[in-house]
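The values are calculated or read from the model by the stated rules, or taken from the named source; none is laboratory data. Here the structure is a predicted model, which means the values were calculated and not measured. FYI the Cβ positions are ideal-geometry reconstructions off the backbone, even for glycines, and counts take in every protein chain you see. For accessibility, only protein heavy atoms count, side chains too; no ligands or nucleic acids. Shrake-Rupley method; radii C 1.70, N 1.55, O 1.52, S 1.80 Å.
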Amino acid sequence: MADKKMSASRKNYLKSLLLEIGEKLLEEERQEAEEDKMRYMEENCPTLSLPGTMQELQELCRKLHKQIDLVDDERYDMELKMTKSDKEITDLKLMVQDLNGKFKKPALKKVRMSADAMLAALLGSKHKVSMDLRANLKQVKKEVKEEEKPVGDWRKNVEDKSGMDGRKKMFETDSQI
């Protein structure tokens with residue numbers, strides 16, 4: 001029977017039947033969940049009858065606060081169980097991926113290490129020599145060029161630069177240099 005192919009209309013008919021059955025099952029699950037919810041509410045939350053006096057009202061408030069505390073404790077315990085089980089699930093998934101040989105590489109964190117620390121981490125106790133990177137650099141000799149400007153009499157410079165003609169000469173000499 002595996003050798004024979006189904007026609008497109010037969011496939012569509014079977015898909016529609018499966019979808020109808022799935023819809024019915026989902027509707028039944030919704031109804032059951034609603035009934036369970038109503039049953040739970042009837043058991044744990046009786047109908048509220050407000051008392052007439054102030055003392056009875058305060059007593060009711062105290063009772064409700066105690067119930068709220070109990071529910072919060074249960075909720076906290078459930079959250080802890082959920083986080084613990086989620087962590088176990090992720091650990092088991094990683095173990096399965098490791099066994100299959102297919103695993104995602106985690107994002108690496110940046111770590112600041114000196115060259116000495118990196119070599120010590122890689123080579124272990126074999127690494128004894130400190131690595132001075134600056135010692136391996138080439139030495140470059142700098143040639144200092146000193147331009148000597150002719151030093152003149154400062155009084156002459158003041159007289160030359162005074163007035164509008166002097167300023168004009170100052171700009172002309174700057175552009176020529």
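Below are the figures for this structure:
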| item | result |
| --- | --- |
| Total residues in region 1-17, condition of a type outside the set (S, T, N, Q) and surrounded by fewer than 10 Cβ atoms within 10 Å (Cβ to Cβ) | 6 |
| Qualifying residue in region 61-76 (condition: exposed (fewer than 10 other Cβ atoms within 10 Å of the Cβ), over 30 Å from residue 106 (Cα atoms), out of contact with any helix residue (DSSP H, G or I) (no Cβ under 6 Å at 6 or more places or on another chain) and polar (S, T, N, Q)) | no |
| Sole exception among (1) at pLDDT below 95; (2) open to solvent by less than 90 Å² (accessible area, probe 1.4 Å) for residue 56, by number | (2) |
| Residues of region 80-95 satisfying the condition of being acidic (Asp, Glu) and open to solvent by 90 Å² or more (accessible area, probe 1.4 Å) | 88 |
| Selected residue (criterion: modelled with the highest pLDDT) from residues of region 13-53 that are of a type in the set (S, T, N, Q) and either assigned to a helix (DSSP H, G or I) or touching a Ser or Thr at 6+ places or on another chain (Cβ under 8 Å) (or both) | 31 |
| Subset of region 18-52 that is open to solvent by 100 Å² or more (accessible area, probe 1.4 Å) and touching a helix residue (DSSP H, G or I) at 6+ places or on another chain (Cβ under 9 Å) - its residue that is farthest from residue 64 (Cα to Cα) | 50 |
